[in-house]
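Report on the structure given below.
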Amino acid sequence: MSIDRRDMDEGVRKDANRLLARAAAAIPRADRRLMVAIDDFFLPEEARLDDRTRSALAAAIAGMTGAVEAALRQHAARLLAARGEPELATALVADREPVLDRLVSAGLMRDTDIMRELIGRVRADVLGEALPVQAPDEPDRPSLLARLAQSADSVISSSAMAMLSAESRRRSAPPGEAQGWSDLPAELHHRLVWWVAAALRERHSEDAGDNVAVLDRALAEASLRQVGAHDEGDRVEAAAIRLAGAIDAHADELATLLVEALADRRLPLFVALIAHALGLDYGEAREIMLDPAGDQLWPVLRALELDRTSIARIGLALTEADPRRDLEAFADRLDAIAELPSANARVALAPLLLHPDYRAAMRSLARGGGA
């Protein structure tokens, strides 16, 4: 009886110690929550994510990491089973708790490059879905992308078909699909794959016991397989850039193409046409387009020699789709925008057109202070 009593007392003491440890950990957690709430309260309105964008971003992150995780689990489990580790293979695929929370708690999902890409893409998707449906000037005329897919120029037609396929694939991709398709640029996809592999290793190292090296090899081989199979050219954005390059629109064609792209709610093509015309990276052109103030977009459109009517139609479409944009303010500025000489606009945009690495280096130098 005394042994039982001692065992019970020891168990109670352990529980009490755990409670005290949790209580101690709750103090800094409460402080962190307060600081986050304060930061959130003082965020400028234009920097906030609206509820729809926040929800779409959460879904995109969960689906992206879930896709990579499912693929790594399945292939690594096959390798483990083939190497005489069936129990470890079973543990790897039977665990249904996603590793996303671990990536978040480690701060990895705060990666600037990944979040810039995802936030930009989600915001563009939300904006694209909200663009007004405009009746075509000629009701029997096919949409812009459909016409391009039927072009007599085989390069244009194949590029348009590739963009249609990429759009369909993105819309139909289920969260956590087994192919591990993260829909990220290659460098960011590789980064995510290795993060997920490390989190899986951490999760299942106890299951592996003395055979953790076997688990490491299986996860590394599965990761290399995913890295090698990823083709960033399958992304909607990459397909849109290829199509814009195939079209290679002249100045007198560009205005019509941009207006039609928005009227067809093909926002990636709209961005790609601007990016190609100016020699910008797609992501940079997307950021210019997403800025609700339009401080760079309007000079960009004048640098591309768009006329007042085309700029008005583009501004109206974007304003109707984005509640952050001020229609009256745009209307008040329209005359000044239209009268801006194209040559002056190009001079003003010259720093934007420098090589991205060069501009990044100059920003880093400026942050470091003067000599």
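The values are calculated or read from the model by the stated rules, or taken from the named source; none is laboratory data. Bear in mind that the values here come from a model prediction, so they are computed numbers and not experimental data. Backbone-built Cβ (ideal geometry, glycine too); neighbour counts: all protein chains shown. Remember, those area values only see protein heavy atoms, side chains included, never the ligands or the DNA or RNA. Shrake-Rupley method; radii C 1.70, N 1.55, O 1.52, S 1.80 Å.
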For this session: From the list 67, 71, 76, pick out the single residue that is open to solvent by less than 20 Å² (accessible area, probe 1.4 Å), touching a residue at least 60 places away in the same chain (Cβ under 8 Å) and out of contact with any helix residue (DSSP H, G or I) (no Cβ under 9 Å at 6 or more places or on another chain).
Result: 67
Exercise. Can we say residue 154 is exposed (fewer than 14 other Cβ atoms within 10 Å of the Cβ), farther than 28 Å from residue 360 by Cα and free of Cβ contacts under 8 Å to residues at least 12 places away in the same chain?
Worked result: yes
Seminar exercise, completed: Every listed condition ((1) over 26 Å from the mean Cα position of the chain (by Cα); (2) under 28 Å from residue 184 (Cα atoms)) holds for residue 82 save (2)
Problem set entry | Given (1) closer than 23 Å to residue 166 by Cβ; (2) more than 17 Å from the chain's Cα centre (by Cα); (3) of a type outside the set (Phe, Trp, Tyr); (4) at pLDDT below 95, index of the condition residue 292 fails | (1)
For this session: Mind listing whichever residues of the stretch 88-112 are open to solvent by 70 Å² or more (accessible area, probe 1.4 Å) and either in contact (Cβ under 8 Å) with a residue 60 or more places away in the chain or within 27 Å of the chain's Cα centre (by Cα) (or both)?
Result: 96, 97, 98, 101, 102, 104, 105, 110, 112
Exercise. All but one of (1) farther than 30 Å from residue 257 by Cβ; (2) more than 15 Å from the chain's Cα centre (by Cα) hold for residue 133; which doesn't?
Worked result: (1)
Problem set entry | Criterion (open to solvent by 40 Å² or more (accessible area, probe 1.4 Å), within 25 Å of residue 118 (Cα to Cα) and assigned to a helix (DSSP H, G or I)) met by exactly one of 238, 244, 277 | 277
For this session: Name the single residue, out of those in the stretch 321-371 being of a type in the set (Gly, Ala, Ser) and either touching a strand residue (DSSP E or B) at 6+ places or on another chain (Cβ under 8 Å) or in a loop (DSSP other than H, G, I, E, B) (or both), that is modelled with the highest pLDDT.
Result: 368
Problem set entry | Count - residues of the stretch 255-274 that are open to solvent by less than 10 Å² (accessible area, probe 1.4 Å) and either without any contact (Cβ under 8 Å) to a residue 24 or more places away in the chain or within 14 Å of residue 167 (Cβ to Cβ) (or both) | 6
Exercise. If you scan the stretch 8-43, which residues turn out to be open to solvent by less than 100 Å² (accessible area, probe 1.4 Å) and at pLDDT 80 or above?
Worked result: 37, 38
For this session: Return a yes/no flag: does the stretch 182-204 have any residue that is among the polar types (S, T, N, Q), within 28 Å of residue 156 (Cα to Cα) and open to solvent by less than 20 Å² (accessible area, probe 1.4 Å).
Result: yes
Exercise. Is it true that residue 229 is open to solvent by 20 Å² or more (accessible area, probe 1.4 Å), within 25 Å of the chain's Cα centre (by Cα) and closer than 30 Å to residue 91 by Cβ?
Worked result: yes
For this session: Exactly one condition in (1) open to solvent by less than 30 Å² (accessible area, probe 1.4 Å); (2) in a helix (DSSP H, G or I) is not met by residue 252; state its number.
Result: (1)
Exercise. Pick from the stretch 140-151 the residues that are within 17 Å of residue 262 (Cβ to Cβ) and part of a helix (DSSP H, G or I): which of them is most open to solvent (accessible area, probe 1.4 Å)?
Worked result: 147
